[in-house]
Every structure is written in C-alpha cells, then in structure tokens.
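Working notes for the structure below.
The values are calculated or read from the model by the stated rules, or taken from the named source; none is laboratory data. Here the structure is a predicted model, which means the values were calculated and not measured. Reconstructed Cβ throughout: ideal geometry from the backbone, glycine too, with neighbour counts over all protein chains shown. SASA here: full protein model, heavy atoms, side chains in, ligands and nucleic acids out. Shrake-Rupley method; radii C 1.70, N 1.55, O 1.52, S 1.80 Å.
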Amino acid sequence: MKKGNSNGFLQSIIDSIFGKNDADAEKRRQLKNIAKRLSKSRYNKFYKFQGNEALPTLAKFMYEIYKVIYPAQTMFQSVANPNVLKRLSIDFLTSEEIRDIEESLSEQNLLKLSKEIPIANLQAQAQERISKYSDFFTLEKITEIDGLYKQLMCMKDFCTFDFYFFLKKFNKGMREADFGTVPNFEKINAEYILGELKDFMTAAWTLPLDIDWTNCIKLLRAYKGVEPVTLQNWKKVVQRIQSLKASGSLEMMIKLIGSDPSATVEINDTTPNIIEPHLDKIKGDAEKMINQLIAQEKANKTGDICSQLFPNIEVTMLRNYSENWNTTLKHKRLDTFNNVEAMGYLKTFLIEIFKKDIREYYDLVLVRGQWETQPLSSSFSDAYNSLLQTSDQIIQFDSELAEDGPIGIKIKTLLPKTDRDSSSKNIVNRLVNDANEAAYKFIVVSTRNLITMGKIIKSLVEDYAKQKPMLIGNWKELEKYAETPLKDMNIDLYKKIYLFSTLVKESLTKMEDDD
C-alpha cells in the first residue's frame, strides 16, 4: 500500500473519532474565522472574542454620535402624531398656490362656500380644483417628496434609538444628556448589548448614505426655527455609519456575541408611498363633503315640500317595505329596499289627498260635469281608476313582504343561511330587487297618472275663468254642490299634484345618489 493512501485512511479514522464533520466543530471553526476577520477590521477595538466582551471603544463611538444627534432626538420624540412628518415633507416641496388649493378643498371651507354659492357651482369648482391639485403631483414630484419623507423617517428612526440606555450599560453612573465630560466607559459582557446592537443596525443601515441631506435639514429648521443638528455635523454622522456599515464589523460582532455564524439582522429598506394615499384622501374627503351638502340640500328641499303638501299630516311609511327590513338586510350585507321613502310619500298622498280631495273633485266634476270633450274626461277617468287599482295593489304588495307573507317568509327563512351559502344570498337579493322594481313601477305609473290629471285640472282652471267655457258647460251648476269655491279647489289640487311630482322626483334622485 502506498504511503499517501495509508495517511488518508488514517486521517479518515481520526476525523470520524474527533468529529471533523461534527456541527459544533464546524460552528466553532466558522466563529474563529469570523473573529479573525473582525480582528483585521478598523473597528477591531469594539469587541474582544476571548471573553465575549464589548469594549469601551464601542461605547465612545456611540457616545460621539449621541452627543451630536441628541437635540434631534428630543425634537423627534416630541412629535406625537406621525402624520406631522408626512405633512412637513409634502408642504416643503409644494408651492403656496398648491397649498391654497388644498385648503380650499377642506371641509370647513367647502361648508362656508356652500352658504355663498349654489351647490352645483361648488361641486364644479371642487372638481376643477381637485384636477389641478392632482396634476401638480407628477411622477418626478411624487418621487422627490417620497424620497424626502424617507430621509426624514430614517433620520427619525436613527436619532430615536436609545443611545442613553445602550451607553449606561458601559457606565452605570452616566447621566442622560450630560455632555460636559466624556464618561469613563468600561468593558462589559457583550451579551448585554446584543439586542441593542441589532436595533441599532435596523435603524442605522436604512439611512440613505449617498444622497444630499440639505433639504431634510432645511425642513427641520423651518419646522422648529433652529437646526436640531447642523448639516455639517449630520454629514459626519452619516460618514461614520457609512464606514461602519461597509466594514461589516457589526454583523460579525452579532454573529460572535450570539455564537451563531449564520445570524442576520433583517433590514427593511423600502421607500414609502405617501402621495397617492394623500391625493386619495384629499379627493375623497372633498367629494364626501360635497355629497353631504347635496344630500342636505335635497333633504331640506324635500322637507319644505312635505310641509306644504302634508301640513299637520305625518308621512305614513309602508309596514313591511320599510327600514325595519333594511336594518336586518344591511347587517347581513345584502341588497336593501331603496324606494322606501318615495313609497311612503305615495301611500300618504293616496290616503290623505287622492282618496279625499281628488275623489271629492272626481265625484263633482267628472260625475256631475257636462263635458264638451269626451277624450279629456276619459283620460281623467282612466288615470283616476288606475290610481284606485294601484292603491289596492300597493296594499297587496306590502302584505306579501310581511314575515308571514309569501315573499317575507322566503326572505326570513333564507336570511340565516346567507352568511355561508351564496345561493341563499343571491335569492334574497333577487327577491329584494324584484320588490324594488315593483315599488319603482308603482311610483312611476302613479306619478304619470297624477300628472295627466294635473294637466287636465290646469286646463279646467283656465276653462273655468272663461266667459264661455269650452270644456265643461255647467260650471255654475257645479258650484252649488261644491263645499269650497271651484276655482280654489282646482288651483289647490293642481298645486298638490305638482308638489307631489316634485317630491317624488327629489326622493328618487336622492335614492339613486345613495346607491
């Protein structure tokens, strides 16, 4: 056997006995290699592998940084609201004109303007300003602002690292913010600062090291009136961090202190996006306020019409096609009855005006009147009878939606299943939307019939005033049977029909906006 082969065989036996391939042995070997590399670093005085000690030189390095950034630390700590820094970054790189446009879109300003100009004009102005405001933020401008905000946040995270807590471990008697004399730091067990070193790296390694910090320092000066740290001193701090990061010394120390050659520190180095959410909020808040003003205007208008149309009369909503069902449907995130309000107006009108005032008018003018033109009286009669049918159909429609009605039972039975069964959800939504379509048809058909009657009543008002009437030949005879003057009756009914058609139009428009 050759000598070389004999030596190789012997070595393999030794390796198997003493564990060359043993994981612990490999780990120790890696740690020794890391310690060797660290000893050749310019920061080799920070840590001593033998004894696992953190040395005073490391504390002095941190102390020199702490002394420079302390005023900035206290400034950042006083900023309770994180949105302040976003606001500072945006304002610093936007013009006064753009800031004025943003202010004009504020809730307070829109509310003020709504009292001075029509809502429609205000809405147009707001849309124009939103467009101009958005156009200012080009991709280049967005990148610039996001970059400045990143600098500001990275500086904040770095400066608010607890240097004092870190340094106090090297000198228990050290007082916070006492920079009169350099404290006497002592070596310590490095395990005591392992967590702090990782936290420091997390903050320090995200600092943009190769960019201009001028705007960031100017921004802080504009915010506080003084520079918490001068640009020159901050550059020196950044250069120190740049050198330390390039050496890889902290990474090696963390591996050695924790006896883990594979240890790493996760660094989140992303550029935040603050402009797009900012634009969305400006636009969303303005549009929300405009919509509220429009809704309020319509509600006021609807209220005014109701007070004229139904004086001393409470609007009666349908019993089942109502908000009572809607409360449950909304909770289940299902479609809702969206014509509730208009159906309430229709029901109230049919009960309080159609079946009283208009019926009285019909019995007087249509039954006793001597019509000279048959088509006109037929149109009035057809519209009247159609409304009578609709009134009965609405009662039937509402009863079917009761909990013991055919449709109501289906909805009630399926509701518990809608959270987990899409088919049940779809069926309920279909039943609800079928009811909405039926309600909408009632409203539209009824309104059309009332408008037909209103137009005829308007013609009768004009005919009544003529010396020689052409539509009804016995006005004087009819006067004998009327409890109120026919002229007043004609005008009053025409006005009520006009108010109702306007009310329905407003309420339907309101519901479409709400959807």
Breaking point among (1) more than 27 Å from E276 (Cα to Cα); (2) acidic (D, E); (3) open to solvent by less than 70 Å² (accessible area, probe 1.4 Å), for D162: (3)
Among (1) closer than 17 Å to F137 by Cβ; (2) out of contact with any Phe, Trp or Tyr (no Cβ under 6 Å at 6 or more places or on another chain); (3) open to solvent by less than 60 Å² (accessible area, probe 1.4 Å), the one test that F76 misses: (1)
Leading residue by the ranking (farthest from M343 (Cα to Cα)) among those in the range 383-396 that are of a type outside the set (S, T, N, Q) and without any contact (Cβ under 8 Å) to a residue 60 or more places away in the chain: L388
Scan of the range 203-227 for residues that are part of a helix (DSSP H, G or I), open to solvent by 20 Å² or more (accessible area, probe 1.4 Å) and in contact with a Leu (Cβ under 7 Å, 6 or more places away or on another chain), ordered by number: T214, N215, Y223
Unique match (being in a helix (DSSP H, G or I) and either surrounded by 14 or more Cβ atoms within 10 Å (Cβ to Cβ) or in contact with a Cys (Cβ under 7 Å, 6 or more places away or on another chain) (or both)) among K112, K86: K86
Residues of the range 401-439 that turn out to be in a helix (DSSP H, G or I), surrounded by 15 or more Cβ atoms within 10 Å (Cβ to Cβ) and in contact (Cβ under 8 Å) with a residue 60 or more places away in the chain, as a count: 10
Cross-chain or 6+ apart pairs with Cβ under 6 Å, the range 336-352 first and within 18 Å of N324 (Cα to Cα) and part of a helix (DSSP H, G or I), then of a type in the set (S, T, Y) and open to solvent by 40 Å² or more (accessible area, probe 1.4 Å): K347/T316
Options G195, G180: the member that is free of Cβ contacts under 8 Å to residues at least 12 places away in the same chain and not in a loop (DSSP other than H, G, I, E, B): G195
Any hit, the range 299-310, residues being touching a Lys or Arg at 6+ places or on another chain (Cβ under 8 Å) and either under 20 Å from D157 (Cβ atoms) or free of Cβ contacts under 8 Å to residues at least 60 places away in the same chain (or both): no
Looking only at the range 440-468, and only at residues there that are of a type outside the set (D, E, K, R), farther than 20 Å from R359 by Cα and without any contact (Cβ under 8 Å) to a residue 60 or more places away in the chain, the one that is most open to solvent (accessible area, probe 1.4 Å): Q467
Count - residues of the range 93-109 that are in a helix (DSSP H, G or I) and either farther than 15 Å from E287 by Cβ or open to solvent by less than 70 Å² (accessible area, probe 1.4 Å) (or both): 11
Residues that are within 18 Å of P406 (Cα to Cα), of a type in the set (S, T, Y) and open to solvent by 80 Å² or more (accessible area, probe 1.4 Å), drawn from the range 312-338: none
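What tally of residues in the range 135-153 results from selecting those that are open to solvent by less than 50 Å² (accessible area, probe 1.4 Å) and in contact with a helix residue (DSSP H, G or I) (Cβ under 6 Å, 6 or more places away or on another chain)?
Residues that pass the stated criteria total 7.
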The one condition in (1) out of contact with any helix residue (DSSP H, G or I) (no Cβ under 6 Å at 6 or more places or on another chain); (2) assigned to a helix (DSSP H, G or I) that S262 fails to fulfil: (2)
